[in-house]
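Asker: The structure's right below; bear with me while I get my questions together.
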Amino acid sequence: MIQDWNVVVTVFQGGFKRAVRALRELGRVERSPYHNVLVMTVDNPLGLLDAIERRSADDPALYDAISRVAPASRCFDFTTASEFCEQSEAIALEWLPGLANRSFHVRVHGRGLGRYLHTQDAERLIDDALLAALEKEGVPGAVSFDDPEQSLRSTASITVPEWPCGLATI
């Protein structure tokens with residue numbers, strides 16, 4: 001099983017084999033411990049989004065196979081809710097300069113995360129840490145769910161010990 005993944009792909013029911021065949025041409029892909037969830041390792045996680053879009057133009061059936069593609073520019077391991085919170089905040093704060101004078105929101109998508117922390121609580125925690133850091137810097141920033149200029153996404157694929165969590169800004 002891939003331990004150094006940097007992309008999580010969820011697939012629609014009945015689309016698993018089609019998704020795996022298409023994605024294997026773009027990077028290393030394997031099953032995760034979760035139903036209809038794949039993990040990948042690619043050289044350019046954000047570039048994978050464009051590659052899948054181009055591939056889907058040639059093969060529209062991929063739209064019926066792939067539900068969500070979640071790239072992760074940073075990954076980390078954790079075993080407790082407090083470790084998740086500390087590491088998520090630390091990584092999100094690295095992206096602070098890109099959030100100055102902009103609206104943003106945080107989205108957490110997870111499988112098995114509930115045993116550690118509810119996704120809405122995790123989103124709020126990271127939002128609050130970013131807003132406090134922006135305020136401390138004297139720079140405006142705001143959370144917006146309607147029309148954010150920046151979206152930070154956390155893809156947590158855990159429950160199985162030693163599985164990392166990934167974070168990306170999109």
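None of the figures in this text is laboratory data; all of them are computed from the coordinates on show. Just so we're clear, the structure is a prediction, and the values are computed from it rather than from any experiment. Virtual Cβ from ideal backbone geometry, glycine too; neighbours counted across all protein chains shown.
Asker: So what are the ³J(HN,Hα) numbers for the stretch 39-48, from phi and the Karplus equation (6.51, -1.76, 1.60; θ = phi - 60°), rounded to whole Hz, Gly and Pro as x?
Answerer: For the stretch 39-48, the Karplus-derived couplings read 10, 9, 10, 9, 5, 10, x, 6, x, 4 Hz, x marking Gly and Pro.
Asker: Shifting gears a bit: How far apart, in nanometres, would the label points at residue 50 and residue 77 be if each is projected 7 angstrom from Cα along the Cα-to-Cβ direction?
Answerer: Here the answer is 3.4 nm between the modelled labels.
Asker: Right, here's the next one. Label the stretch 62-134 by shape, choosing from rounded, prolate and oblate, from the square roots a ≥ b ≥ c of the eigenvalues of the Cα gyration tensor; if a/c is under 1.5 it is rounded, and otherwise prolate applies when a/b is larger than b/c, oblate when it is not.
Answerer: It is oblate, given that a/c is not under 1.5 and a/b is not larger than b/c.
Asker: Report the gain in length on full extension from residue 101 to residue 64: 0.36 nm times residue separation, minus Cα-Cα distance, nm rounded to one decimal.
Answerer: Gain in length upon complete extension: 9.5 nm.
Asker: Quick query: amide H of residue 143 versus all other amide H atoms, modeled in the peptide plane; which residues come in under 5 Å with a sequence gap of 5 or more or a different chain?
Answerer: It is 104, by chain and number.
Asker: Further question: Based on the alpha-carbon gyration tensor of the stretch 7-71 and its eigenvalue square roots a ≥ b ≥ c, which shape applies: rounded if a/c is under 1.5, prolate if not and a/b is larger than b/c, or oblate?
Answerer: Here the stretch 7-71 falls in the oblate category.
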